[in-house]
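Trainee: Starting off with a structure, shown below.
The values are calculated or read from the model by the stated rules, or taken from the named source; none is laboratory data. Quick caveat: nothing in here was measured; it's all calculated off a predicted structure. Cβ atoms come from the backbone with ideal geometry, glycine included; neighbour counts cover every protein chain shown.
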Amino acid sequence: MKLQPIIGLEIHVQLKTKSKMFCPCDNAGEFAPPNTTICPICTGQPGTLPVMNKQAVEWTIKAGLALNCRIPEYSKFDRKNYFYPDLPKGYQISQYDQPLCQNGFLEIESNGETKKIRILRIHLEEDAAKNFHSTNGQNTLVDYNRAGTPLMEIVTEPDLRTPQDAKTFMQELRLIMKYLDISEADMEKGHMRCDANINLWELDEKGKKIAATPIVEVKNMNSFKALERAMEYEIKRQTKVYQETKKTTKDSPKTTRGWDDVQGVTQEQRTKEEAHDYRYFPEPDLPPLHLSHKGENAIDVEAIGETIPELPQKKRIRFEKEFGISSANIKTLVGDKELSEYAEEVISELREWICTEVASEGTEEEEWKKYGPKAVKTAINWLLNKLTKHLNEQNISIKNCKITPENFAEFIKIVTQNTINSTVAQKVLDIMFMTGKDPTNILEEEDLSGGAKNDELEKIINDIIIKNPEPVANYKKGKTNAIMFLVGQIMKETKGKASPEDIKKMLLEKLK
Ligand code: ZN
Ligand code: MN
């Protein structure tokens, strides 16, 4: 029996707007004491009216455009009715049949293949408050700080086929949210939450669907790893159940199961509500949205589209073409927008250097082809292996690093020209990281061409010992004063470049 997993995702993404979705309350309530970033609107007091957050609408459209969605000309909000203590109004303002974004897709890499995952819709809604259940099961406390936070809900078509692909999709989506700069998109912190619908299709030899097992919605997966593990668990569980019972979608309604990350199992929660249970109706307190129009109070879709930066997938392709570095390195660089921008600045500095200083005969393009690859490779290696190590240890982002891209490029110049060895280079980078000084200054000030200097000093000391047999003999007889005479002679020879302490130490070593 061939069973094919079919997975679709529903992802909630918190937008990091300054204020909440329908009121002026601070949207960063997660950092504030409970129930301090609230007002009569987000606590659902009678007689209050919602006012739409324009930024949230624009950012949702921005996300939709980045995910290749169609933006309709009209959109509206609806009430989704249900009772729960974390929903003080008794309904959630959401979107039902006219979401802001429709029919998009996101491409992911799956085993060296590009797979297109269709996106059914993206709508905008408000988040609920947060319930805290006491450990003895006696009390529940509610923190309304989160109530009214703008939330995007992204719904995919059931196009995912493996747990690994589901994880890759989420990671790529998270990265896009980061590039768009509209959400922290941190799964562990609940800024991005994911539910998955999963069932199995039984296929015949030709790959045609014969039957489908009951659909299960899995909730409570709080990390990429949890999503992958939960999907793997469900595939095993549903396979076993199907083999034993042969139950299909016709025999059983959709159920909801919660993922228990500690025990590594999903547990049945309740039968899933259908849309008609919520009695959706248009939100009467908010006007419908007219999108793609210009002028005062406009939601100008075209202008929003122009604010979208180069997205990860495009950037990876360009980096590969322009820089010729390994795909693993490209993945690491592009996985951090700021790091990729830093690398680009460094490389453009190096390019300028090669084309103006190193270049001799050829055109800029020829010179870059000749010397560029080595410089780029050196730069990426130092960036990803050494500099990021410092950044991780100190837990700071590249944006707050004291080393400017110009100084880092200068450092790479020095390294590629082989004027210092790798030990000295590492020391220079360490000092650059601590002080933000430029590498040329560091080399001058810190006297780091240490190895060479010591050889020179040793030679001078040997000379002085040979030329002064009498004081040497006196010292060996116990006249310790004689040593100062020798140090003085050496100081004269080195013209003060070495310190008396260093000279004395080395000299005593020699005289042993
Ligand atoms: Zn409020
Ligand atoms: Mn929702």
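Trainee: If I go through region 145-179 residue by residue, how many of them are away from ligand 1 (no atom under 16 Å from the Cβ) and part of a loop (DSSP other than H, G, I, E, B)?
Mentor: Number of matching residues: 5.
Trainee: Pick from N68, N27: which is within 11 Å of ligand 1 (Cβ to nearest atom) and within 23 Å of Y179 (Cβ to Cβ)? Write out each step before concluding.
Mentor: Details: N68 fails: within 11 Å of ligand 1 (Cβ to nearest atom).
None of the others qualify; the one that does is N27.
Trainee: Can you find, within region 34-69, the residue that is farthest from ligand 2 (Cβ to nearest atom) among those that are of a type in the set (S, T, N, Q) and not in a loop (DSSP other than H, G, I, E, B)?
Mentor: The selected residue is Q55.
Trainee: Just to be sure I understand the filter: pairs with C-beta atoms under 8 Å, separated by 6 or more residues or on different chains, first member in region 136-151 and at positive phi and outside the structural domain of S183 (by TED's automatic domain parsing), second member in a strand (DSSP E or B) and within 10 Å of ligand 1 (Cβ to nearest atom). Which pairs pass?
Mentor: Cβ pairs passing all conditions: none.
Trainee: How do the pairs read when you match residues in region 160-188 that are farther than 28 Å from I304 by Cβ and outside the structural domain of E338 (by TED's automatic domain parsing) with residues anywhere that are of a type in the set (S, T, N, Q) and surrounded by fewer than 20 Cβ atoms within 10 Å (Cβ to Cβ), using Cβ under 7 Å and keeping only pairs 6 or more apart or on different chains?
Mentor: R161/Q4; D165/S110; E188/N222; E188/S223
Trainee: Working only within region 17-33, note down all residues that are more than 25 Å from the chain's Cα centre (by Cα) and either more than 16 Å from ligand 2 (Cβ to nearest atom) or not in a loop (DSSP other than H, G, I, E, B) (or both).
Mentor: Correct list: C23, P24, C25, P33.
Trainee: Name the residue that is surrounded by the most Cβ atoms within 10 Å (Cβ to Cβ), counting only residues in region 100-136 that are within 16 Å of ligand 2 (Cβ to nearest atom) and more than 24 Å from Q171 (Cα to Cα).
Mentor: Top of the filtered list is A129.
Trainee: Would you point out which residue out of K505, K512, K497 is under 53 Å from the mean Cα position of the chain (by Cα), modelled with pLDDT under 80 and of a type in the set (K, R)?
Mentor: Values: K505 fails: modelled with pLDDT under 80; K512 fails: under 53 Å from the mean Cα position of the chain (by Cα).
When all the criteria are applied, what remains is K497.
Trainee: OK, next. Can you list residue pairs whose Cβ atoms sit under 9 Å apart, with the first residue in region 2-14 being assigned to a strand (DSSP E or B) and small (G, A, S) and the second being at pLDDT 95 or above and within 12 Å of ligand 2 (Cβ to nearest atom)? Count only pairs 6 or more apart in sequence or on different chains.
Mentor: Short answer, once both residue conditions are applied: G8/V155.
Residue by residue, here is whether (1) in a loop (DSSP other than H, G, I, E, B); (2) exposed (fewer than 14 other Cβ atoms within 10 Å of the Cβ); (3) within 33 Å of the chain's Cα centre (by Cα); (4) in contact (Cβ under 8 Å) with a residue 60 or more places away in the chain holds:
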{"residue": "K331", "(1), (2), (3), (4)": "no, yes, yes, no"}
{"residue": "E344", "(1), (2), (3), (4)": "no, no, yes, no"}
{"residue": "R351", "(1), (2), (3), (4)": "no, no, yes, no"}
{"residue": "E367", "(1), (2), (3), (4)": "no, no, no, no"}
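Trainee: Look through N421, N454, N481 and report the one residue that is in contact with a Gly (Cβ under 8 Å, 6 or more places away or on another chain) and either at pLDDT below 85 or of a type in the set (F, W, Y) (or both).
Mentor: Every option except N421 fails the conditions.
Trainee: Next up: Given the residues I431, I403, which is the only one that is assigned to a helix (DSSP H, G or I), under 30 Å from A375 (Cβ atoms) and modelled with pLDDT of 90 or more?
Mentor: I431
Trainee: List the pairs whose first member sits in region 16-44 and is outside the structural domain of D127 (by TED's automatic domain parsing) and at pLDDT 95 or above, whose second member is within 16 Å of ligand 2 (Cβ to nearest atom) and part of a helix (DSSP H, G or I), and whose Cβ atoms are under 8 Å apart, counting only residues at least 6 apart or on separate chains?
Mentor: none
Trainee: Answer yes or no: is there a residue in region 180-190 that is surrounded by fewer than 19 Cβ atoms within 10 Å (Cβ to Cβ), within 14 Å of ligand 2 (Cβ to nearest atom) and assigned to a loop (DSSP other than H, G, I, E, B).
Mentor: yes
Trainee: Within region 36-44, does at least one residue satisfy the condition of being farther than 19 Å from D143 by Cα, within 15 Å of ligand 1 (Cβ to nearest atom) and not acidic (D, E)?
Mentor: no
Trainee: Within region 47-60, take every residue that is within 17 Å of P288 (Cβ to Cβ) and not aliphatic (A, V, I, L, M) and give me the one that is farthest from the chain's Cα centre (by Cα). Outline the logic, then answer.
Mentor: Initial filter on region 47-60 (within 17 Å of P288 (Cβ to Cβ)): 49-54, 56-58, 60.
With the extra rule that they be not aliphatic (A, V, I, L, M), the set shrinks to 50, 53-54, 58, 60.
Values: P50: 33, N53: 26, K54: 26, E58: 22, T60: 20 Å.
Looking at the filtered set, the residue picked out is P50.
Trainee: Could you please find all residues in region 61-85 being touching a residue at least 24 places away in the same chain (Cβ under 8 Å) and more than 32 Å from the chain's Cα centre (by Cα)?
Mentor: Narrowing region 61-85 to residues touching a residue at least 24 places away in the same chain (Cβ under 8 Å): 61-82, 84-85.
The answer is E73, Y74, K76, D78, R79, K80, N81, Y82, Y84, P85.
Trainee: Continuing with this model, one more query. Test P72 against the stated conditions and say whether it is at negative phi, in the same structural domain as K130 (by TED's automatic domain parsing), in contact with a Ser or Thr (Cβ under 8 Å, 6 or more places away or on another chain) and part of a loop (DSSP other than H, G, I, E, B).
Mentor: On the way: at negative phi: yes; in the same structural domain as K130 (by TED's automatic domain parsing): yes; in contact with a Ser or Thr (Cβ under 8 Å, 6 or more places away or on another chain): no; part of a loop (DSSP other than H, G, I, E, B): yes.
Criteria not met by P72.
Trainee: Sort out for me the strands (runs of 3 or more DSSP E) sitting completely within region 84-139 that have 2 or more residues that are within 30 Å of K331 (Cβ to Cβ).
Mentor: Fully inside region 84-139 and qualifying: 101-110, 113-126.
Trainee: Mind checking whether some residue in region 318-327 is outside any loop (DSSP other than H, G, I, E, B), outside the structural domain of W382 (by TED's automatic domain parsing) and over 19 Å from N197 (Cα atoms)?
Mentor: Looking through region 318-327, none of the residues is outside any loop (DSSP other than H, G, I, E, B), outside the structural domain of W382 (by TED's automatic domain parsing) and over 19 Å from N197 (Cα atoms).
Trainee: For region 422-434, give me each residue that is more than 14 Å from W382 (Cβ to Cβ) and surrounded by 13 or more Cβ atoms within 10 Å (Cβ to Cβ).
Mentor: I431
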